[in-house]
Amino acid sequence: MQRLSGLDASFLYLETPTMHMHVAMVAVLDPKSMPGGYDFERLQHYIDRGVRTQPQLQRRLVEVPLKIDHPVWLEEPHFDTLHHIRRVSCAAPGGQAELAALVGRIMSTPLDRAKPLWEGWVIEGLEGGRVALVAKVHHAITDGVSGSQILSAMFSGSPEAPPREPLRAHEDDEPVPSEVDLLRDALAARIARPKEIVRMFKRTSNAVKELYERRKDPEHQANVSVFDSPRTRWNGPLSAQRSVGFARVPVADVKTIRKAFGVSANEVVLAICAGALRFYLEQRGELPLAPLIAACPIATRVRGQSGNRVSAMVTSLATHLESPAERLRTIRAVTRNAKQEHDALGGDLIRSWAELATPGLVTTAARLYSKYRLSELHRPMFNLMISNVPGPRVPIYLAGAQLAAIYPLGPISEGAGLNITVMTYTTHVDFGFITSPALVDDIDQLAALVPPATRELLQAAESAQPVESHKQS
């Protein structure tokens, strides 16, 4: 038995009928390299063996009575991947539009909390004989980095590699703790909470004071803050449905832009997203005068840690600037400053407060906020989430089928109904867009603007004067 961390549990508390807290990876596979050709049973066997190397995928939730503390993980007795792996066919002709439509439907339903919180969908019938694996996992289990590691554990560097061996065989079933045991442990954990809350108030007030003094310095370029965001069409209440879109650009183009401007690869990704968003809103006569604000997760993981190890910063996308070069330079300046402010506040501040959260109170607040559409009553905290997740730099294989593309998808939230998650794989950078169709009914058109936004930056790079170089990310 293992109690969830406060941050892991917060993704359970925040989930509502319209705000699902799962993430996904859409792995497009080319079975031409599969020994003997495509075979679903072979693919299913490799997925099963890979899952059995990941203990976090074999555990289920057990709630604490009265919700006085965070839930616990318990090993699922009689665990069987047959309850989690589904086989479906894509509508003809099986192109990117049809795949996106099917993935949108898969993302529109919450995970069953009575089972381990993941699903695997094998999608057949794609163009060119390809298949796709949609790995859908609850955010309570993983963040973007650890999710990438979980998926990579199922793959290998060779099409001839045998299935992975489980880390260990199932032992005797773990006994289910009684309600009395759960309450006793939860109360013991809560005894120290008041002292910890006082300590966190002091720590937070000191951090805020330091930030205030920092921004008073005339030589300090103030970063954006939450609630600085202008309202856009996707900044509103969610529906339960999801729609997704995919895009990809060559890694070589990102490197060319990065070198020309002396910026990081992550800053180039933000600038590409900014360009696509500006094109999209401008075409519809909806471009705000103020710049869009993005929330960007920051990994705080160290080797050997599991679960969610993330913090976040907010940064301007400079979408009010017409020049792509000036947009990128502004993004660089504001993002670097945002990272400095994030480090000054402490990367574990959010995680520490989440540890002290009262489950029932947070769950009730999230549901009331969604039910009464309170996101319509104030300016957005931020406009959208943009996350850049590291991916494999060499070709990898599952059951002998080569991974051709991988599109990551993150969650959306009330008031910020657009998420763009990005992953680099071999020679391409893959973009996954997700939204609620009640807010954006043409997400495919937004995704299609990623290549033009990249070309715009490439043209600007031809005459760019690099800023002072720094360590590239």
For region 9-26, what does the Karplus curve 6.51 cos²θ - 1.76 cosθ + 1.60, with θ = phi - 60°, yield as ³J(HN,Hα) per residue in whole Hz, taken in order and with x for Gly and Pro?
5, 4, 6, 6, 5, 7, 6, 10, x, 10, 10, 7, 10, 10, 10, 8, 10, 9
Sum up the charges of everything whose Cβ sits under 10 Å from the Cβ of Ile106, counting Lys and Arg as +1 and Asp and Glu as -1, but leave Ile106 out.
+3
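For Asp69, Asp185, give me the order by solvent-accessible area with a 1.4 Å probe, most accessible first, ignoring ligands, DNA and RNA.
On the way: Asp69 0, Asp185 55 Å².
Accessible-area ranking of Asp69, Asp185, largest first: Asp185, Asp69.
Can you tell me the dipole magnitude for the chain around its Cα centre, using point charges on the Cβ only (Lys, Arg +1; Asp, Glu -1), in Debye to the nearest 20? Numbers along the way, then the final one.
On the way: 53 positive and 51 negative charges, 203 e Å.
Computed about the Cα centre, the dipole is about 980 debye.
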How much length would be gained if the chain were fully extended between Ala188 and Lys209, taking 0.36 nm per residue of separation minus their Cα-Cα distance, in nm to one decimal?
4.2 nm
Asp348 versus Ile68: modelled label distance in nm, points set 7 Å from Cα along the beta carbon direction:
2.7
Net charge dipole size for region 1-103 [Lys, Arg +1 and Asp, Glu -1 on Cβ; Debye, nearest 20]:
120
Sorted by accessible area (1.4 Å probe), largest first, how do Arg258, Arg87 line up?
Arg87, Arg258
Which FRET efficiency, nearest 0.05, do Leu361 and Ala101 yield, Cβ-Cβ r, R0 41 Å?
0.60
Which peptide among 19-30, 265-276, 93-104 comes first, and what is the full order, when sorted by highest mean count of other Cβ atoms within 10 Å?
265-276, 19-30, 93-104
Could you state the accessible area per residue of the chain in Å², with a 1.4 Å probe and every protein chain left in place?
44
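Could you list the GluC sites (Glu not before Pro) in region 376-473 that lie in coil according to DSSP, counting only those with at most 16 other Cβ atoms within 10 Å of their Cβ?
Details: sites: Glu376, Glu414, Glu456, Glu462, Glu468; in loops: Glu414, Glu462, Glu468.
Listed in order of number, the matching sites are Glu462, Glu468.
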Pairs on different chains or at least eight residues apart, Cα atoms closer than 24 Å: how many lysine pairs in the chain fit?
14
How big is the dipole moment of region 32-181 about its Cα centre under a simple scheme where the beta carbon of each Lys and Arg is +1, that of each Asp and Glu is -1, and everything else is neutral? Debye, nearest 20, please.
620
Computed from the beta carbon distance with a Förster radius of 56 Å, FRET efficiency for Leu374 and Ser178 to the nearest 0.05 stands at 0.90
For Asp441 and Glu165, compute 0.36 nm times the residue count separating them, minus their Cα-Cα distance, and round to one decimal in nm.
95.0 nm
How much accessible surface area, in Å² rounded to 10, belongs to the heavy atoms of Lys32 with a 1.4 Å probe?
150
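If you roll a 1.4 angstrom probe over the protein chains with everything in place, what fraction of the accessible area of the chain belongs to carbon and sulfur, to the nearest %?
On the way: 11710 of 20910 Å².
Roughly 56 percent, rounded to a whole number.
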At each listed q (0.22 Å⁻¹), what is the log10 of I(q)/I(0) that the Debye formula gives for region 1-46 modelled as equal alpha-carbon point scatterers?
-0.80
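Looking at the square roots a ≥ b ≥ c of the eigenvalues of the Cα gyration tensor of region 76-127, which shape do they give, rounded for a/c under 1.5, prolate if a/b is larger than b/c, or oblate? Display every interim value, and only then the final one.
Details: a/c = 4.82, a/b = 2.09, b/c = 2.31.
It comes out oblate by the Cα gyration axes.
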Per-q log10 I(q)/I(0), region 333-452, q = 0.13, 0.15, 0.23 Å⁻¹ (Debye; single scatterer per alpha-carbon; no solvent)
-0.81, -1.01, -1.31
What spacing in nm lies between the two simple spin-label points modelled at Met200 and Ala91, each 7 Å away from Cα in the Cβ direction?
4.6
Just how much of Leu377 is accessible, in Å², when a 1.4 Å probe is used and the result is rounded to the nearest 10?
140
Hull volume per residue for region 56-171, using the convex hull of the C-alpha atoms, in Å³ is 143
Taking chymotrypsin sites (Phe, Trp or Tyr not before Pro) in a DSSP loop with at most 15 other Cβ atoms within 10 angstrom as exposed, one finds the longest site-free stretch of the chain at 1-226
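The values are calculated or read from the model by the stated rules, or taken from the named source; none is laboratory data. These numbers come from a predicted model, not from an experiment. Cβ sites come from the backbone with ideal geometry, for glycine too, and all protein chains shown count toward neighbours. Surface areas here come from the heavy atoms of the whole protein model, side chains and all, with no ligands, DNA or RNA. Shrake-Rupley method; radii C 1.70, N 1.55, O 1.52, S 1.80 Å.
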